[in-house]
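Below is one structure, written out as structure tokens; the observations come after it.
The values are calculated or read from the model by the stated rules, or taken from the named source; none is laboratory data. Everything quoted here is computed from the prediction, not taken from an experiment. Neighbour counts are summed over all protein chains in view; Cβ atoms, including those assigned to glycine, are modelled from backbone coordinates with ideal geometry.
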Amino acid sequence: MLREPPEKVSQEKITFDVRELEPLLSPPPSTMPPYVPSCVKLKDGSEMVIREAKREEVPKMLEFIKKMIDVDHDFYDIVGVRVYAEILGWYRNRLKDPYQLLGLIDGEWVGFANGRMWNDNISISLHSLAMKRGLRIGAIMYYAKAEYAFEVLDQKEWWATYESYNGFKRWGIGMAQPSLPWPEYQHELGGSRVFYMTRKYWDTVVKKYLLDLIGGTLKRPVSAKLLKANEKMTLPKEVEV
């Protein structure tokens, strides 16, 4: 839209250096503490390491997530599109305070969980994925990111929403999460209902529920040998549906 200036000007066209614009388009540098790697023994006897994703791993991660978009059932497509955008948003520095965790077995990417700090009190749960079925990896990844939000970031509330029926059954109903009044409160994933838990509810109910699903707890520190075996990420051969 053009409008005549209310005053004489010496320059009718002004250009910007993109380095001047970037601070207005990107969030401030994150001050979140790092996720300390953990490990857990799975039902089949294998050990899964959970660690933060590395920026240099993003192109490979996106390569795999693209495959989910073409799956036309159980909401894989919309979850795939949204996870792709969330990972890319972190990579392009267009998300405030995101965190993304990888689950790895001998370097193979088998689990993913992400979220972000909305403010000093609230963490937004985004997505949890299990690339390998039957090992309760989804539950473990959900536990890992909730533990990080409450016990490391010291958040007071956890806000989630659900796209799939399976996810809602397992986490929303399974954890008996109450919901905030709608539409006064909406989740950033499409404006749907916010299902939440408080720190007290995490400590007294949900933490035990998830640990019972996992069949143990996350162990720290992770041995140097196990960390080395999972330093380099490899992609699964296919999407298990």
Single unsatisfied condition, Y76 versus (1) touching a residue at least 24 places away in the same chain (Cβ under 8 Å); (2) of a type outside the set (D, E); (3) closer than 23 Å to L218 by Cβ: (3)
Across (1) within 30 Å of N119 (Cβ to Cβ); (2) among the polar types (S, T, N, Q); (3) free of Cβ contacts under 8 Å to residues at least 60 places away in the same chain, S38 clears everything bar (3)
So D77, is it touching a helix residue (DSSP H, G or I) at 6+ places or on another chain (Cβ under 6 Å), surrounded by fewer than 21 Cβ atoms within 10 Å (Cβ to Cβ) and charged (D, E, K, R): yes
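Looking at K13, K60, which one is loosely packed, with under 14 Cβ neighbours inside 10 Å and assigned to a helix (DSSP H, G or I)?
K60
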Any chance F16 is aromatic (F, W, Y), over 28 Å from G190 (Cα atoms) and modelled with pLDDT under 95: yes
Scanning the stretch 113-134 residue by residue, those in contact with a helix residue (DSSP H, G or I) (Cβ under 8 Å, 6 or more places away or on another chain) and of a type in the set (G, A, S) turn out to be A113, G115, S123, S125, S128, A130
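Determine whether the stretch 207-218 contains at least one residue that is part of a helix (DSSP H, G or I), surrounded by 14 or more Cβ atoms within 10 Å (Cβ to Cβ) and either β-branched (V, I, T) or free of Cβ contacts under 8 Å to residues at least 40 places away in the same chain (or both). Spell out the reasoning first.
Here is the first cut: in the stretch 207-218, the residues part of a helix (DSSP H, G or I) are 207-214.
This time we only want the ones that are surrounded by 14 or more Cβ atoms within 10 Å (Cβ to Cβ), so: 207, 209-211, 213-214.
If we keep only those that are either β-branched (V, I, T) or free of Cβ contacts under 8 Å to residues at least 40 places away in the same chain (or both) too, we end up with 209, 214.
Within the stretch 207-218, one or more residues are part of a helix (DSSP H, G or I), surrounded by 14 or more Cβ atoms within 10 Å (Cβ to Cβ) and either β-branched (V, I, T) or free of Cβ contacts under 8 Å to residues at least 40 places away in the same chain (or both).
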Unmet criterion (only one of (1) surrounded by fewer than 10 Cβ atoms within 10 Å (Cβ to Cβ); (2) without any contact (Cβ under 8 Å) to a residue 40 or more places away in the chain; (3) within 29 Å of L104 (Cβ to Cβ)) for K8: (3)
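Here is a yes/no grid of residues against (1) touching a strand residue (DSSP E or B) at 6+ places or on another chain (Cβ under 6 Å); (2) modelled with pLDDT under 95; (3) of a type outside the set (V, I, T); (4) within 23 Å of D44 (Cα to Cα):
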| position | (1), (2), (3), (4) |
| --- | --- |
| Q186 | no, no, yes, no |
| V194 | yes, no, no, no |
| T217 | no, yes, no, yes |
| V222 | yes, no, no, yes |
Given the conditions (1) closer than 21 Å to K145 by Cα; (2) within 20 Å of the chain's Cα centre (by Cα), report the number of the one that P178 does not fulfil. (2)
Residues to consider are P28, P23; find the one that is out of contact with any Phe, Trp or Tyr (no Cβ under 9 Å at 6 or more places or on another chain), assigned to a loop (DSSP other than H, G, I, E, B) and of a type outside the set (A, V, I, L, M). P28
Kindly indicate the residue of the stretch 128-143 that is buried (at least 24 other Cβ atoms within 10 Å of the Cβ) and touching a strand residue (DSSP E or B) at 6+ places or on another chain (Cβ under 7 Å) and also farthest from F75 (Cα to Cα) among those meeting that condition. I140
